[in-house]
1. What accessible area, in Å² to the nearest ten, does a 1.4 Å probe give for CYS225?
2. Excluding ligands, DNA and RNA, what is the solvent-accessible area per residue of the range 210-405 at a probe of 1.4 Å, expressed in Å²?
3. Pairs of Cα atoms under 8 Å, at least six residues apart: use those to get the relative contact order of the range 210-405, whole percent.
4. What is the extension gain from GLU335 to GLU84, computed as 0.36 nm multiplied by their sequence separation minus the C-alpha to C-alpha distance, in nm to one decimal?
5. Between the range 269-288 and the range 299-333, what's the alpha-carbon centroid distance in Å?
6. Sorted by packing (mean other beta-carbon atoms within 10 Å per residue), highest first, where do 204-212, 8-16, 276-284, 294-302 land?
7. If each residue of separation counts as 0.36 nm, what is the full-extension length gain between LYS100 and GLU205 once their alpha-carbon separation is subtracted?
8. What ranking of HIS402, HIS321, HIS217, HIS265 comes out by heavy-atom accessible area, probe 1.4 Å, highest first?
Amino acid sequence: MEDSKPAGKLSTFLDSGVYRFEDSTAVFIDPVRVLNRSYTRFRVSPSAYYSRSFKSKIQEPRVCSNSRKRKRKEKKPQNLNDRERAADQRHQEARPFLLKAHKSLLRSTELLEVVSNLRDDFDNSASSPGTTQSLVELGRVWQAPLYEITLNSQSHDNASEDGGSPVMEYCKQRAVPVFNNLVVNETSEDVEAELLGSRYILPPESSFYMSDLGQIHNLIPESDCGFNLIVVDPPWENGSARQKLRYSTLPNRYFLSLPIKQLCHTNGALVALWVTNREKLRGFVEKELFPAWGVEYAATFFWLKVKADGSLIGDLDLFHHRPYECLLLGLCPGEDTDDNSRPKPIPDNQIMLTIPGDYSRKPPVARFLQEYSPTLQRNRCVELFAREMTAGCVSWGNEPLHFQESGNFTRG
């Protein structure tokens with residue numbers, strides 16, 4: 001009986017991409033499996049998703065929090081200022097939960113064996129994404145309003161004449177403006193889309209609105225069709241991001257104008273905000289941003305990043321380079337909240353462990369957060385500053401197709 005529980009949990013993980021540890025408030029997530037639960041004809045390629053990982057020879061699992069080599073490179077400042085002391089206090093409060101979650105992973109030997117081969121799972125025949133066209137730059141040129149994206153939908157024909165399998169063929173081709181326009185895949189199938197010679201894969205029942213910050217008010221829904229889950233991943237000012245030139249950042253004051261309250265459903269919404277570990281930023285969120293949005297803080301989740309061998313990507317106690325990020329959760333009260341739509345209590349200090357994907361690519365969290373959002377007959381989610389699309393969600397930003405390029409996928 002003792003062996004059946006791990007085997008059952010591992011079987012569930014292989015199907016869902018989520019492994020729940022029994023002795024801690026932590027889960028291990030394989031983003032590829034989670035994303036692929038939504039696709040029908042295509043699959044996110046593990047080799048493309050984990051392109052930054054699995055590069056070195058896998059070592060024995062080890063806890064990185066006591067790495068002397070890394071600590072010699074960066075010691076905690078001896079004379080801390082007020083912000084540094086506050087940041088260190090937050091870290092010390094979270095540290096026991098993070099260590100417990102990591103130890104749970106290291107004890108799960110069957111899971112670690114699977115994790116070490118995540119990049120080799122499924123089909124590795126995906127073509128390299130290579131250098132894709134810059135959607136951000138494309139949206140800034142004067143021709144931007146003229147650019148169209150072509151959606152190619154497929155349908156199932158009846159059985160072929162010889163009685164074989166149903167024949168798949170394109171049944172509909174639709175060209176729509178790609179910028180400042182809500183582009184919708186209303187079907188329950190993946191859709192291939194073409195834009196200026198590049199191909200993109202849109203998940204089922206998804207949509208995107210590609211624009212700059214000045215057009216975000218066009219997302220505000222009419223009547224009671226607001227969103228009960230709002231996930232925000234702002235391009236915070238960050239020296240590392242500027243250095244790598246991966247994406248443009250914005251000053252904090254720009255985020256104060258996000259129309260979060262207007263985007264909320266009348267029954268209210270759960271707001272999930274990705275933040276870095278900078279204490280100045282945390283203070284800004286708590287004292288200015290959440291109050292400006294009308295959001296009441298509820299809990300903090302942690303994204304703990306690990307390598308393929310189960311070790312942390314860096315020393316847990318490195319003062320300026322923690323191997324984790326925070327997801328701050330808050331509730332935006334609704335006008336028509338009743339007992340049936342009231343969200344369930346959100347547990348604090350939940351830990352999500354994953355092997356990270358491409359630079360600044362966050363794990364898919366919408367499905368996990370829906371259980372804590374106000375209940376609707378049909379959940380409605382919007383992701384702001386999105387760089388990829390999620391089934392069942394509206395993705396807004398200036399590059400929501402970034403990770404939808406066909407080179408990131410294989411055919412299922």
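The values are calculated or read from the model by the stated rules, or taken from the named source; none is laboratory data. Only a predicted model underlies this, so the values are computations on that prediction, with no experimental measurement involved. In this analysis, Cβ positions are derived from the backbone assuming ideal geometry, glycine residues included, and neighbour counts consider all displayed protein chains. Note: areas computed on protein heavy atoms with side chains; ligands, DNA, RNA excluded. Shrake-Rupley method; radii C 1.70, N 1.55, O 1.52, S 1.80 Å.
1. Counting only protein heavy atoms, CYS225 exposes about 60 Å² to solvent.
2. The answer is 40 Å² per residue.
3. 27 percent.
4. That pair, GLU335 and GLU84, stretches by 86.4 nm at full extension.
5. Using only Cα atoms to place each centre, the spacing works out to 14 Å.
6. 204-212, 294-302, 276-284, 8-16
7. 34.0 nm
8. Greatest to least solvent exposure: HIS321, HIS217, HIS402, HIS265.
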